[in-house]
Amino acid sequence: MNINVEYRHESGFKNFFNRITGKIVAVMYDVNTKPFAEQIKEEISRYAKEVLSIAYPDEELIPSEDKCQQAYDVAKNAEYVLAVGSGTLNDMAKSVSTRLNIECGVLATAASMDGYCSKGSALMRGGYKVTDEVHTPSDVLIDLEIVRKAPREMTAAGFGDIIGKYTCLTDWKMANIVNGEPINQEAFSLMEQARTACVEAFEGLTQYKADAIAKLMNALITAGTSMAICGNSRPASGSEHHQSHFLEMDFVRRGEKIPLHGVKVAIGTMVSITLYKFLKEEKIQFKGAEEVYKLADELPSVESIKTMLERMGCPVKFSQIGVRKETMVEMIEKAYTVRDRYTVLTLVHDLGLTERVKPLIMKEFY
């Protein structure tokens, strides 16, 4: 995998401009990212043969089949697709460019999610969130001034997504202990090191310092890299993400605005940590229990995670982001079914502990 991760310099994005010289480039954006799209379109026009616009008037863009088809219809004669945005636009650009068998890239507008470099594209199909396998982007373009000035809640969501790497990596280790699932050590170590560097830069993040934001961006990009190395999302997505995906599908079914992915992941991380601590404190017996107890001890405390999230301006209870009580109860019961992947949610279900943990989770996180 050879992705050009390029930070803006005085000359702009030199490697990217070299790549698209003489090509027809389609630029995809929504109403929120339009100002940045207009700027990069002007720059691209100095090098490209032609610049096409895939402009969505949506403030809350849903990556539905019809929206993707709209992009495809505009980009079908293009040789490159550039998304200007973060999660949804990046996923749509990867999906459309894979379908067209052309290169794509993204101008990141927020340090809000970890899918910039991933081979997955999360789309809505038939009312359900599905993840298609797509090619990785050729370019990830980062202007720290744009990213640093993104809405506070988006940076908080990005930090929440990285906090989620505590539990997703623990889930991976647990699945190895309980089920013998293999661990890709290269992918695991890359993600763990990037997460640690990001958390160590926390004080700078609270002040939106450029070097700290760069470490957050690096951790988010590394998540995609580690997933590409592994061949799936295991290094970056576990029980905390399954909770987020379950809730997201419910918001879509109800036609309501979806809370930021990383915010849901952050709260889900605290839920998952609580489950690991419960297994240890209650001395629940199962295959590999003693080793899993050690994993629980290695996790940070819920209180320390909560303090960091609050300082970043991130909600810490599901009720704060509009989740209905009955939906959260259903999430505790069924979120383990979202992916065919063994996590602490699956373990709790398999051990018949769901009803025991339900009051504890509801009390602490609703």
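In whole angstrom, how long is each semi-axis of the equivalent ellipsoid of the stretch 164-263, when you take the square root of 5 times every eigenvalue of its Cα gyration tensor and sort them from largest down? Please list the in-between numbers first.
Working: eigenvalues 104, 103, 24 Å².
They are 23, 23, 11 Å, listed largest first.
Per residue and in cubic angstrom, what volume does the convex hull of the Cα atoms of the stretch 125-210 have? Can you show the working numbers first?
Numbers: hull volume 14.6 nm³, N = 86.
That works out to 169 Å³ per residue.
Between ARG254 and GLU200, with labels modelled 7 Å along Cα→Cβ, what's the label distance in nm to one decimal, could you check?
4.2
Test of the criteria: in the stretch 125-222, which GluC sites (Glu not before Pro) are in a DSSP loop and have at most 16 other Cβ atoms within 10 angstrom of their Cβ?
Numbers: sites: GLU133, GLU145, GLU153, GLU186, GLU192, GLU200, GLU203; in loops: none.
Passing both the DSSP loop test and the Cβ count: no residue.
Using alpha-carbon positions, what is the distance between the centroids of the stretch 265-320 and the stretch 85-144, in Å?
30
Go from 0 up to the bin containing the longest alpha carbon distance in the stretch 94-170, width 5 Å each, and give me the % of pairs per bin.
Percent of pairs per bin, in order: 3, 15, 17, 20, 22, 16, 6, 1.
Over the chain, average the accessible area per residue using a 1.4 Å probe and give it in Å², no decimals. Don't jump to the answer; show the numbers that get you there.
Numbers: 14940 Å² over 366 residues.
Ligands and nucleic acids excluded, the result is 41 Å² per residue.
In square nanometres, what is one fourth of the surface area of the convex hull spanned by the alpha carbons of the stretch 225-302?
7.0
Considering every pair of different Cα atoms, what Kirkwood radius, in Å, is found for the stretch 77-128? Please report the intermediate quantities before stating the final value.
Working: mean 1/r = 0.0883 Å⁻¹.
Hydrodynamic radius (Kirkwood, Cα pairs) of the stretch 77-128 is 11.3 Å.
As an exercise, use a Förster radius of 41 Å and the Cβ-Cβ distance of LYS294 and LYS325 to find the FRET efficiency, rounded to the nearest 0.05.
Computed FRET efficiency for LYS294 and LYS325 comes out at 0.75.
Taking the Cα-to-Cβ direction at SER11 and at GLU355 and moving 7 Å from each Cα, how far apart do the two end points lie in nm?
Inter-label distance under the simple model: 6.8 nm.
Given an 8 Å cut-off on Cα distances and at least 6 residues of separation, report the relative contact order of the chain as a percent.
On the way: 663 pairs, mean separation 55.0, N = 366.
So the answer I get is 15 percent.
Name the most mobile residue of MET249, MET270, MET113, meaning the one with the largest mean-square fluctuation, in a Gaussian network model of the chain with Cα contacts below 10 Å.
MET249
Roughly what angle does helix 325-334 make with the longest principal axis of the chain, taking Cα atoms, 0 to 90 degrees, to the nearest 10?
Between the helix axis and the principal axis of the chain, the angle is about 80 degrees.
Taking the chain as the reference, fit the longest principal axis to its C-alpha atoms, fit the long axis of helix 87-100 to the helix C-alpha atoms, and give the angle between the two in degrees, 0 to 90, nearest 10.
The helix 87-100 is inclined about 60 degrees to the chain.
Return the Cα extents of the stretch 212-366 along principal axes one, two and three, sorted largest first, each rounded to a whole Å.
Cα spread of the stretch 212-366 along its principal axes, largest to smallest: 41, 36, 31 Å.
For the stretch 10-95, take the convex hull of the Cα atoms, compute a quarter of its surface area, and give me that in nm², please. Before the final figure, lay out the partial values.
Details: hull surface 21.4 nm².
The number I arrive at for the stretch 10-95 is 5.4 nm².
What is the Cα coordinate range of the chain on the first, second and third principal axes, sorted by size from largest, in whole angstrom?
Computed over the chain, the largest-to-smallest principal extents equal 66, 40, 36 Å.
Between GLU43 and ILE24, what length in nm is gained on full extension when 0.36 nm per residue of separation is reduced by their alpha carbon distance? Mind showing how you got there, number by number?
Numbers: separation 19, 0.36 × 19 = 6.84 nm, distance 1.37 nm.
Result for the pair: 5.5 nm of gain on full extension.
If you take the Cα Rg of the stretch 302-366 and divide it by 2.2 N^0.38 Å, with N the number of residues, what do you get?
Numbers: Rg = 13.1 Å, N = 65, 2.2 N^0.38 = 10.7 Å.
The stretch 302-366 yields a ratio of 1.22.
State the percentage of accessible surface on the stretch 57-208 attributable to carbon and sulfur atoms; use a 1.4 Å probe and exclude ligands, DNA and RNA.
Carbon and sulfur: 45 percent of the exposed surface of the stretch 57-208.
Could you state the angle between the C-alpha long axis of helix 165-179 and the longest principal axis of the C-alpha atoms of the chain, as a value from 0 to 90 degrees rounded to the nearest 10?
60
The values are calculated or read from the model by the stated rules, or taken from the named source; none is laboratory data. Since the structure is predicted, the reported quantities are computational estimates derived from the model, not experimental observations. Every residue, glycine as well, gets a Cβ built from its backbone with ideal geometry; the counts of neighbours run over all protein chains shown. Just so you know, the surface numbers come from the protein's heavy atoms only, side chains and all, with ligands and any DNA or RNA stripped out. Shrake-Rupley method; radii C 1.70, N 1.55, O 1.52, S 1.80 Å.
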